[in-house]
Amino acid sequence: MTTHRRYNLILMLGLVLLTGCATFRSDLNGAYQGEVKRNLGSPQVSALFIFTHVHQTLGYDAIPKVVGKKSMIQSFDDVFHDALGEFSNLRKYDTFTEEAGDVNHPERRSLRDSLTTQNDYTVKIRIIEERHFAPTFFAGFGSVISATVLPMPYRQTYRMETEVYSRGGSLVGSYHRQAYLSKWVELLLVFAYPFCPEDRKREEVFMLMLHDTFKQIESENVLKPL
């Protein structure tokens, strides 16, 4: 290997080692704008929370794919537990997380149906992570061929669709929240990474969506005694 080629290789390796990324989140779209109320002293109720975590790369996946909660966020249980503090009259609750394999496991479907009849309300929460294949592909391509000198954003959209049903199956509330993350990969952004890590920003999005939705449900006194 010539000295010139060796120098170029060392330079490329140095650029890769210096490459960093920073992630930024948007504001919450659909956030509750009404008066915040607490139902302290109200009769207690029970609720079943059914979670469905879905991922889809638009332009690549033909249909959304049901994934495990840890595929999106490792700390989802902690985030959910923290958001439960928005409710003031929740006596007890159960949780059920849907899996793609449930279509082949009638015992899990029976468990879900049984929990539905045992609680006053069923809160179905569908969390969708979306990205567009073409923009992501070309952003990655441009980042690689420029040795990350050109800043390229990778955008992921998160939507949370929530429906609340009474024990009799009547829909008593419907809510929609949306936010997105922009991840930038570029030379020297390694210095920004400690302040804007992707995992933290994703956790913030989940916290915002759950807290805000539960706050609206509480303020509108949706979970009232049947």
- List, please: which pairs have Cβ atoms under 7 Å, are six or more places apart or on different chains, and start with a residue in the stretch 154-169 that is within 28 Å of Phe24 (Cα to Cα) and end with one that is at pLDDT 90 or above and among the acidic types (Asp, Glu)? Gln156/Glu129; Tyr158/Glu129
- Message: If Ala47 satisfies all but one of (1) out of contact with any helix residue (DSSP H, G or I) (no Cβ under 9 Å at 6 or more places or on another chain); (2) surrounded by fewer than 19 Cβ atoms within 10 Å (Cβ to Cβ); (3) not basic (Lys, Arg), what's the number of the condition it fails?
- Response: (2)
- Task: Within the stretch 16-28, identify whether any single residue is within 22 Å of Met207 (Cβ to Cβ), among the acidic types (Asp, Glu) and either exposed (fewer than 14 other Cβ atoms within 10 Å of the Cβ) or under 14 Å from the mean Cα position of the chain (by Cα) (or both), and answer yes or no.
- Result: yes
- Query: Which residue pairs have Cβ atoms closer than 7 Å, lie 6 or more positions apart in sequence or on different chains, and pair a first residue in the stretch 68-85 that is modelled with pLDDT under 90 with a second residue that is surrounded by 13 or more Cβ atoms within 10 Å (Cβ to Cβ) and of a type in the set (Ser, Thr, Tyr)?
  - Reply: Lys69/Thr97
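Residue-by-condition table, conditions (1) farther than 28 Å from Thr97 by Cα; (2) at pLDDT 85 or above:
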residue: Thr19; (1), (2): yes, no
residue: Leu28; (1), (2): no, yes
residue: Tyr32; (1), (2): no, yes
residue: Lys37; (1), (2): yes, yes
residue: Leu40; (1), (2): yes, yes
residue: Pro43; (1), (2): no, yes
residue: Ser46; (1), (2): no, yes
residue: Thr57; (1), (2): no, no
residue: Tyr60; (1), (2): no, no
- Task: Answer yes or no as to whether Val190 is in contact with a Cys (Cβ under 6 Å, 6 or more places away or on another chain) and at pLDDT below 70.
- Result: no
- Query: Given the residues Ala179, Ala147, which is the only one that is at pLDDT 95 or above and among the hydrophobic types (A, V, I, L, M, F, W, C)?
  - Reply: Ala179
- Task: Please work out which residue is surrounded by the fewest Cβ atoms within 10 Å (Cβ to Cβ), limiting yourself to the stretch 69-124 and to residues that are part of a helix (DSSP H, G or I) and touching a Lys or Arg at 6+ places or on another chain (Cβ under 6 Å).
- Result: Asp102
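The values are calculated or read from the model by the stated rules, or taken from the named source; none is laboratory data. Keep in mind that this is a model prediction, so the values were computed, not measured. Backbone-built Cβ (ideal geometry, glycine too); neighbour counts: all protein chains shown.
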